[in-house]
Amino acid sequence: MTAYQALLAELAVPRLTGSAPAERVREVLKRELAARGFVAMEHRFVGRSPLYRWGRTLLAGVNLIAVRPQTRVATWLVAHYDSKGQPLSMAGRLGAAALAALGLVELLGLVVRGLLGPVHPGVSDALLGAAGACGVALLLGTSRATDRSAGAVDNGTGLVAALATVDALSPTAAVGVIFPDAEEYGLVGSRALLRERAHLLADTSVVNFDGIDDRGLTFALVHRRGPLTERLVAGLSARRARWLPVLVDGIMLGRAARESVTVMRGDWRTACAVHSPRDTAARLTLAGVAGVARAVAAALGRG
């Protein structure tokens, strides 16, 4: 087992925001950052999320912000450290969302037909409506967060990729590290950073790592384009995307940064594992992490 695999094994435990395991993982991350010469600061925050007790209770979390002494940060390496499980995997929820969208299209079609004349719904209308209702029911019934996923690919791999990128760079590289909390509750941690620490992001680049599987395609989700994002897309041989059906911290942090990109790697089998008990360290060799970290470090070194 390599040092990175051993680190992933420490990180890949169920770690809902605010839980004791999340606190232990945070201490592991502080240890790893200190070993690399960083001073890690805790940014404590509170916020609301409809995914946390339906927004009726404040959610408390802790972001980690790490810098090396006397270093002016030009690029932030970012990866959220919280995890969650859900009754349906990411793939299952994407399927449910597709059914809900199909039902919405059918409903709009019925409205348009009603405006043009008498409506006589048929069997296909009933089937499409039932599919839509099923999709909505699945989304509503499976939205609760649980501690039934170790979150290895999502996002233990992102944490390891950020640290491996640091290891591949010079100790004097102008990089800082941000490990946001509560991403899984709707970017609550990165929203707090934007609200309370936006000055840290001014005139910087953000490289956000969120789910780096061994298999599948590498995606560069470009939130704010710039020279670094262009070098990254080329160096990673990544499929560029302006939008994917995911919420990632790069979206929020990119509102204050000069440029921002989220790096992801995987395929449909990855989506079937994410947020499920199957997302374990045992299924990963970290080959994808190694390739991504090398490419990101090379892009940063050419800046």
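The values are calculated or read from the model by the stated rules, or taken from the named source; none is laboratory data. Since the structure is predicted, the reported quantities are computational estimates derived from the model, not experimental observations. Note that we place each Cβ from the backbone using ideal geometry, even for glycine, and neighbour counts take in every protein chain shown. Ligands, DNA and RNA are excluded from the accessible area calculation, which covers all protein heavy atoms including side chains. Shrake-Rupley method; radii C 1.70, N 1.55, O 1.52, S 1.80 Å.
Where does the Debye-calculated log10 I(q)/I(0) of the chain sit at q = 0.07, 0.09 Å⁻¹, using only Cα point scatterers of equal weight, no solvent?
-0.29, -0.46
State the Cα centre-to-centre distance between the range 208-269 and the range 161-204 in whole Å.
14
Based on the Cα atoms of the range 22-134, what semi-axes does the equivalent ellipsoid have, where each is the square root of 5 times one gyration tensor eigenvalue, given in whole Å with the largest first?
Three semi-axes, in Å: 50, 16, 14.
For SER149, what residues show an amide H to amide H distance below 5 Å, using hydrogens built from the backbone and excluding near sequence neighbours?
GLY85
Between TRP54 and GLN5, what is the FRET efficiency for a Förster distance of 45 Å, r being their Cβ-Cβ separation, to the nearest 0.05?
E(calc), rounded to 0.05, equals 0.70.
Only helices at least 15 Å long along their axis, Cα-based, and averaging -1.0 or more on Kyte-Doolittle count here, so list those DSSP H runs from the chain.
20-35, 90-116, 123-141, 157-168, 287-301
In Å², what does the accessible area per residue of the range 71-121 work out to with a 1.4 Å probe?
Accessible area per residue: 49 Å².
Just the C-alpha atoms of the range 145-303: what Rg/Rh do they give, with Rh taken as the Kirkwood radius?
On the Cα set of the range 145-303, Rg over Rh gives 0.94.
Using amide H atoms built in the peptide plane, which far-off residues or other-chain residues are under 5 Å from PHE209 H to H?
VAL78, ALA79, VAL263
Between ARG197 and LEU104, what is the FRET efficiency for a Förster distance of 30 Å, r being their Cβ-Cβ separation, to the nearest 0.05?
The pair ARG197/LEU104 has a calculated efficiency of 0.20.
What residues have an amide H closer than 5 Å to that of SER49, excluding those fewer than 5 places away on the same chain, when H is modeled at 1.01 Å from N in the peptide plane?
It is GLY55, LEU59, by chain and number.
What distance in nm separates the simple spin-label points at ARG44 and SER124, each placed 7 Å from Cα in the Cβ direction?
For ARG44 paired with SER124, the spin-label model returns 6.0 nm.
What part of the accessible area of the chain, given as a whole %, is carbon or sulfur when the probe is 1.4 angstrom?
Of the solvent-accessible surface of the chain, carbon and sulfur hold 62 percent.
Cβ neighbours within 10 Å, averaged per peptide: list 76-85, 231-240 in order, most packed at the top.
Going by the mean number of other Cβ atoms within 10 Å, highest first, we get 76-85, 231-240.
If you build the Cα gyration tensor of the range 198-280 and take the root of 5 times each eigenvalue, what three semi-axes come out, in whole angstrom, biggest first?
24, 15, 9
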